[in-house]
Structure formats: C-alpha cells, structure tokens
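Dumping the structure here so I can ask a few things about it.
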Amino acid sequence: MLKNIKSKQLSMWLQNNVNESKDKKYRHRLLKENKDKRVDIIEELRDIVSEAHDDARLRLRKVVDTSLHPLENEESFDPAQGYPELFDLTTLKGYFGEVFAGLIAENFSPFGEDWRVPVFSFRYHEIAFDQLEMYRLTGEKLNTIPGRTGDDCLAFVMDKSHKINKVLFCEAKCTANHKASMISDAHIKISSMNLIPVEVRRLIDTLKDYEDSESRKWVKSLRELYIKGTQNERYDLVSYVCGKSPVRSKTRKSWIPSNMPHPSYEGKRKLEAVEVHLNDVEDLIREVYRKVD
C-alpha cells in the first residue's frame, strides 16, 4: 500500500496553467518544468518512484522469503536485485509515465477532487520479471520489454463511510520528444465504456498482501465497488509527459487542444488532459531510477 505520493516540491518545480471548457466537462492542464528547481525535487522523485515499485519488489522477494521484510539470510540472494533500474529506457519511460499520472491525480486534484492512489500494479508485469530472472541466470542483456496490460493508474474518492463513489481512470504516455500518435492513442484507450476498471480485482489481490488497517479498508471498499458495479462516477485523465514543447510558442503552447477534447476522445465524460513539458526526459529518468547502463 502506498504511504503517500504527495509532493512538497512539485508545485515549485512545475508551472501550472489550467483551461476549462464552458460546460466544465473538459480541462486542459499544462505543466512546464522550471529546470532551475529540478535539483530540489530529484530526491523526492526518487523516493516516490521507489515506493511505487516497492510492492513489485515485495512480490519478487516472497519467492524465497515469506516475510514482508527484506531478506535477512545472508546466504540467500535477492530476487528483486536490479529491479527496475536494469530495464531499458523504453520500459522505464512507461513506468515513469504511470507514476507521474498518480502524482498528477494526488497533487493537482483533477476537477477539484481529493483523489487517492492506493497502489500501482507493477507486480503484474510478468514479462519484465521473466527477463530479470533470465538476466540473473545467464547475464544476458535485457531486451526491450512490451508494456503491461490493464489500466495504467487508478485513483479514487472515498467518502467518510469508506464507500468509493468516484473513480479516475488514468492513461499515461511518456516520450523523450513528442509523438502525436501517443496522444491520439491515449484518448482512444481512455474512451472505453466500462464504469468499473478491469484493474480493480488486481488491486484487491495486491492489497490483500498487507495487514495494516488502511489496506484492509481499501480491500473492503474495492470489493464493494467490484461486486455492486455501477454505483460510482467515472472521470478520465490523460497524462502526456514529453521532452519537446511546440516551436511556435507564441501561437501554440500545447500539443493537446486546450479548449475542447481531442478528436480521438469518445468517452463523453469529464476529462482532464495533462501535458507535462520536461527538459531532457531520459536524463531525468536515468537519475530518478538510478539507471544502470
């Protein structure tokens, strides 16, 4: 279970500009990096990213140690060694994009809601774990890894009675440059018609591994959502992290339309499109993940 991905430095690092449509069903948020402030947030980003992947490390380590603590037997090896910093940059960009979607949900309150991300689903990226195990056994270089299936990130609003009444579906993209096809693909995927995320059963299964009261509360609430079905409101979020801003900044400041949904979006729900313009995206990811080349 995630402890907290609230950031103290995010609002200082990223300049925030929001446009809202007249019917208030669409919001466009542009976050641009103040590069001078990057040094102040690196350690915090490292901590947040590390915590986002802690559950996957837990699952890997349970193979040789049934406790919820790091290995204590000096003769044992750590099955999570190299996770995820040994993976290729394409995989890490995907991971970073998913974590950033969660950061946006919890720190920028899309549509004014207090969203909470209980856990990420990185433990279900089986093909990545297979490659990590093959590297351990043979030392062969890890190849580019196909992305994980399912929802990229999910956030929820829970009322005082612990009932989930709002769900934020997040579709995340991350590129070192700019790819219009990524934006279109994200809006197509987020247009799905289901009100209950397919990822809910995975979140329940994940949180069952934790015995703290907060995790038990979330398991109960997510089970109710899963069983009872449509008694909730769905919101959509597209998060697009890129390393390039429009060249003609005076006439065009964003890649995604700021006053109406992207033409590829057919969800007809409340949608917030967030684009994050960062400098040297791959260098940042290498630094945050302590990437081993």
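Report the FRET efficiency, 1/(1 + (r/R0)^6), for Q15 and L195, where r is their Cβ-Cβ distance and R0 is 35 Å, rounded to 0.05. It would help to have the intermediate numbers written out before the result.
Details: r = 34 Å, r/R0 = 0.98.
Approximately 0.55, to the nearest 0.05.
Sequence-distant or interchain residues sharing an amide H contact under 5 Å with C153, placed H: which?
For C153, the qualifying residues are C170.
A further question on this structure: Take the Cα atoms of region 79-213, find their three principal axes, and give me the spread along each one in whole Å, biggest first.
Principal extents (Cα only, largest first): 51, 43, 26 Å.
How do L103, L89 rank when sorted from fewest to most other Cβ atoms within 10 Å of their own Cβ? Each step should come with its number before you reach the end.
Numbers: L103 23, L89 17.
In increasing order of surrounding Cβ atoms, one gets L89, L103.
Give me the net charge for the shell around F122: Cβ to Cβ below 15 angstrom, other residues only, Lys and Arg +1, Asp and Glu -1.
On the way: positive: R57, R59, R61, K62, K93, R123, R148, R202; negative: E51, D54, D55, E85, E98, E126, D130, D151, D152, E199, D205, D209.
Summing Lys/Arg as +1 and Asp/Glu as -1 gives -4.
Quick check: net charge around I104, other residues with Cβ under 10 Å of its Cβ, Lys/Arg +1 and Asp/Glu -1? The partial results should precede the final answer.
Details: positive: R29; negative: E106, E272.
Taking every other residue near I104 into account, the sum is -1.
What value does the chain have for Rg/Rh, both radii from Cα atoms and Rh as Kirkwood defines it? Please report the intermediate quantities before stating the final value.
Details: Rg = 19.1 Å, Rh = 19.9 Å.
Checking Rg against Rh, the ratio lands at 0.96.
Sticking with this one: Step through the table entries K93/K160; K62/K291; K62/K228; K37/K173; K32/K270, compare each Cα-Cα distance with 27 Å, and write down the pairs that go over it.
Values: K93/K160 36 Å; K62/K291 24 Å; K62/K228 32 Å; K37/K173 23 Å; K32/K270 23 Å.
Beyond 27 Å: K93/K160; K62/K228.
Give a residue-ordered list of calculated ³J(HN,Hα) values for region 8-24 (Karplus: 6.51 cos²θ - 1.76 cosθ + 1.60, θ = phi - 60°; whole Hz; x for Gly, Pro).
7, 9, 4, 5, 7, 7, 10, 6, 10, 10, 10, 10, 10, 5, 4, 7, 6
Can I ask one more? Using Cβ contacts closer than 10 Å as the measure, can you line up W255, W218 from fewest to most? Present the calculation step by step, with values, prior to reporting the outcome.
Details: W255 21, W218 25.
Ranking W255, W218 by Cβ neighbours within 10 Å, fewest first, gives W255, W218.
How charged is the neighbourhood of N17? Take every other residue with its Cβ under 10 Å from the Cβ of N17, and add Lys/Arg as +1 and Asp/Glu as -1.
Values: positive: R29, K32, K253; negative: none.
Result for the local shell: +3.
How would C170, C153 line up from fewest to most surrounding beta-carbon atoms within 10 angstrom?
Numbers: C170 29, C153 25.
Ranking C170, C153 by Cβ neighbours within 10 Å, fewest first, gives C153, C170.
No lab work stands behind these numbers, since they all come straight from the coordinates. Note that the structure is a prediction, hence the values are computed from the model and not measured. Cβ sites come from the backbone with ideal geometry, for glycine too, and all protein chains shown count toward neighbours.
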